[in-house]
Every structure is written in structure tokens, then in C-alpha cells.
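Below is one structure, written out as C-alpha cells, with a few remarks after it.
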Amino acid sequence: MADENRLVINGNELRFEPGETILEVARRNDIDIPTLCYLKGATPTGACRVCVVEVEGARTLVASCATPAAKGMVVHTESPKVVEARKMIIQLLLSSGNHNCAVRGSDGVDWTAFQLKVQAEDSSEELCPVWGDCRLQDLAYRYQVSGDAFEGTPTPYPMETVNPFIVRDFSRCILCGRCVQACNEVQVNNAINFGYRGSPTKIVAAEDKPLRDSDCVFCGECVQACPVGALVEKNVRYQVRPWETEKVRTTCTYCGVGCQLELHVKDGKVVNVTGAEGAPPNYGSLCVKGRFGYDFIHSEERLTKPLIKEDGRFREATWEEALDRVAGRLSEIKDQSGPDSIGVFTSARITNEENYIANKFTRAVLKTNNIDHCARL
Ligand code: FES
């Protein structure tokens, strides 16, 4: 290889940038290597080993997410050795805790039998709440393995449901550490970490307190990072399945940052919100308001008709009446006291377009520059 920054992956000679890992080079070139613990932008931990690849001349398989690309490397991402290792890893993960998706009990059967078994079990009760939206389940399907090869190890920790937003189901946790990295490296909240040692290992908040009593600010970054059903939004759990919803991209209006959201819409109702991955300015991250503060959208308490206050009480009015009243009073005040006797407050929570209209209305129609915004409006 004349160019020193080149390696070969699955027979393709590829360039790499100094510092890039094998996984990054592969992904940049549309070569699929499965991952579970890898979280883009965070320090690679090499915890799950699902991303192992074979490097010619290396003594063992290496974790592609944590191994830097090197000059002259020859890499195989789906060799028999790699596939065998991945199957074993997935089997071990599935047998640890409660992964009761339909892939259990399907080892060693041909593809048709595997599919028939899955179909038969898909309707069983108490399936995992993220059935159909789980990276571990995806891998179990891809490599056609279950957790029945090993004796299961039930988790000793009960489910935590004592906060309004997130259900923590330790029986489904695979200890990949993505939630810990999301909390500590992406949001820098430092609210959770690995606790205990050996088989009792658990993701804990300080002093192993419930999230409600910890430093957690409920940004939900951990939920979005969780590849399995260990962290699930409380409102959504068992309420919707991923294929029932349509995703609608929009901009959060809670503040002026302009975070990009994915609204998950079922039957015309917003049933969940996630951050839009890969899109500036938030790249998938959200705050507690953006992620969980959407129930007002369909609240029955929302005002749908204008109200006019008379004798200290509000009464419903038509839009025509309300607009006429506002226009009449503004004209009156302007005629009597001049345009600078009027001021307009807009809000940081409305859209750019709405603020633009308010600005035009204030300056061009009311003829005053008295316009400002109030973050609490
Ligand atoms: Fe590389 Fe988990 S994704 S070790």
C-alpha cells in the first residue's frame, strides 16, 4: 500500500484518518459492524464485545469500537470466528436477566422454523416493553440465537417506578454502560454510574437511591441511549409499539435553542418525544421539558376559544369579537396617548415566525419600537 493511512476491510482497501477506530472507518464506508455499548462521541469502553472483528496476525479478536485503525491492517468483520464469537456473546446477554422476546428457545433450528417459532410467540403476554425496538433483539434475529443455551440468571433488583418519567427495569439491563456515558459524558450530569462488583453489578445513582432522590435532572438522555428495555419512558411503556407510530420532525419551542425533536405520533396524537439524532444543535439530546413536557398538547384544559374578561370574570367569545375588541382598544389607546404608550411582549417559547409577525405588527402597525420578550410568558 503506497499510502500509509490505508487498511483493508473485507477485501476493500480504505483510507483512514489518524485516530479513527476500525469501527469508524467501516461505518464511514457503509460496512456494517453491529454494536451495543458503543455511543458515538463518548469514550469507547469495549464492554459488550459485540463489535469484535478478526484482524489478520492478531492473537485474538479485537473490539472494533476501541481499536485504532493501523496501516496495513487486514480486517474481516463477518468471518466464521467473528460470527461464532458474536453468537456466544448474544447468547450470554440473552440468558442474563429477563429478555423474554420471542427469540428465546430458537437455537439450532433452520430459518423457517425460527420464523415460525417467533411468529407463534409474538403474541405471548408480558413481552418486553421495547419488543420490536431493541438492539439486542435485532442481533438475536440477525444471528438466530436465543438465551436458552445457558441457564438464566435472574436479577436480584426490583423494578424502579417511583419517579414520574422513567421506569428502570434492572432485569433487562445488559450493563452496556451507554446510559452512564450518556449521563456523564454527553449531558455531564454525573447522576449515575456502575455500582457494586461482579454479578451484583448495577447501574446506580449516588448511594443507590432511586433517581427521584438523586442528582438526576430527568433529561432522559439515558433512556434514549439504552439499547434494550432497561430504561423506558413511563408514559409510553406498553402504550405504543414502534411500528404503530409515525415520526414527525419538528423544533422544540420551550426556549430559543431550537432543539430538533422527533414527535412519535399515533392516531393523530403525540405519544412520545425523542431528540433527532445527528441533527444540530442538540444532536439527539434534550432537556426534561423538551423530552417529557408534551402532555399539554392534548390537554383538555387547553384554551380553544378566546376569553374576554368582564366584571372580573372570563366569558367565552368568538374570534371575531375578541379580535375586534383588541383592535378597537389598541386604536383607542394609540389615538389618545400615542403609540409609545403601548408595549408588546412576545415569548421565547413561540416560533421565530410568530416573533417575526409580532415584531412587524408592533413596528409597522402600532408604530412603536416597544417590543421585548419575556422568557416566562
Ligand atoms: Fe464495541 Fe461494545 S460496541 S465493545
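Per 0.36 nm of contour for each residue apart, how much would the distance between ARG329 and LEU303 grow if the chain were fully extended, relative to their Cα-Cα spacing?
Working: separation 26, 0.36 × 26 = 9.36 nm, distance 2.23 nm.
In short, 7.1 nm is gained.
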Note to self, the chain gives a 222 nm [θ] from helices alone (DSSP H runs n ≥ 4, -39500 (n - 2.57) apiece, / all residues, nearest 500) of -6500 deg cm²/dmol
Stretched fully, the stretch from ASN235 through TYR356 gains (0.36 nm per residue minus C-alpha distance, one decimal, in nm) 40.1 nm
Output for segment 242-320 (equivalent-ellipsoid semi-axes, sqrt of 5λ from the C-alpha gyration tensor, Å, descending) is 32, 16, 10
Whole-percent carbon and sulfur contribution to the accessible surface of the chain (1.4 Å, no ligands, DNA or RNA) stands at 51
So, with points 7 Å from each Cα along the Cβ direction, the TYR283-LYS247 label distance in nm works out to 1.8
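Sorted by packing (mean other beta-carbon atoms within 10 Å per residue), highest first, where do 32-45, 4-17 land? Present the calculation step by step, with values, prior to reporting the outcome.
Numbers: 32-45: 18.1, 4-17: 15.1.
Highest mean packing first, the order is 32-45, 4-17.
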Expressed in µm² per second, the diffusion coefficient of the chain from the Stokes-Einstein equation, with Rh the Kirkwood radius over alpha carbon pairs, at 10 °C and 1.306 mPa s, is 64
The distance between the Cα centres of segment 336-375 and segment 23-47, in whole Å, is 49
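Rank-order 351-358, 303-310 by packing density, defined as the average count of other C-beta atoms within 10 Å over each peptide's residues, highest first.
Numbers: 351-358: 12.8, 303-310: 10.4.
Averaged packing, sorted descending, gives the order 351-358, 303-310.
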Descending packing, highest mean Cβ count within 10 Å first, for 278-290, 314-326, 178-190 is 178-190, 278-290, 314-326
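Could you give the accessible area per residue of the chain, probe 1.4 Å, as a whole number in Å²? Working shown, then result.
Numbers: 21320 Å² over 377 residues.
It amounts to 57 Å² per residue over the chain.
Shape verdict for segment 253-377, please, from the Cα gyration tensor: rounded (a/c under 1.5), prolate (a/b greater than b/c) or oblate. Present the calculation step by step, with values, prior to reporting the outcome.
Working: a/c = 3.10, a/b = 1.64, b/c = 1.89.
It is oblate, given that a/c is not under 1.5 and a/b is not larger than b/c.
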Log10 I(q)/I(0) at q = 0.25, 0.29, 0.31 Å⁻¹ for segment 34-78, from Debye over equal alpha-carbon scatterers, is -0.91, -1.11, -1.19
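Quantify how much of the Cα-Cα distance distribution of segment 268-307 extends past 15 Å, in percent. Walk me through the numbers before you get to the answer.
Numbers: 424 of 780 pairs.
Roughly 54 percent, rounded to a whole number.
Compute the Rg/Rh shape ratio of segment 197-249: radius of gyration over Kirkwood radius, all on alpha-carbon atoms. Kindly include the intermediate steps, with their values, before the conclusion.
Values: Rg = 14.3 Å, Rh = 13.6 Å.
Answer for segment 197-249: 1.05.
Given Cα pairs under 8 Å that are at least 6 residues apart, what percent is the relative contact order of segment 232-362? Spell out each step's value before the answer.
Working: 148 pairs, mean separation 20.7, N = 131.
So the answer I get is 16 percent.
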Rounded to the angstrom and largest first, Cα extents along the principal axes for segment 197-290 equal 43, 31, 23
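Can you sort TYR294, TYR141 by 1.4 Å-probe accessible area, starting with the largest?
Values: TYR294 20, TYR141 65 Å².
Highest to lowest solvent-accessible surface, that is TYR141, TYR294.
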Ratio for segment 288-329, C-alpha Rg to 2.2 N^0.38 Å, reads 1.61
Share (percent) of C-alpha pair distances in segment 159-318 greater than 28 Å works out to 31
Nearest 10, in degrees from 0 to 90: the angle of helix 80-95 to the longest Cα principal axis of the chain is 60
antiparallel share of DSSP beta bridges within the chain, to nearest 5, in %, is 80
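The values are calculated or read from the model by the stated rules, or taken from the named source; none is laboratory data. Fair warning: this is a prediction, and the values are worked out from it, not measured in the lab. For neighbour counting, all protein chains shown are included, and Cβ atoms are generated from backbone atoms with ideal geometry for every residue, glycine included. The accessibility values were calculated without ligands, DNA or RNA, using every heavy atom of the protein model including side chains. Shrake-Rupley method; radii C 1.70, N 1.55, O 1.52, S 1.80 Å.
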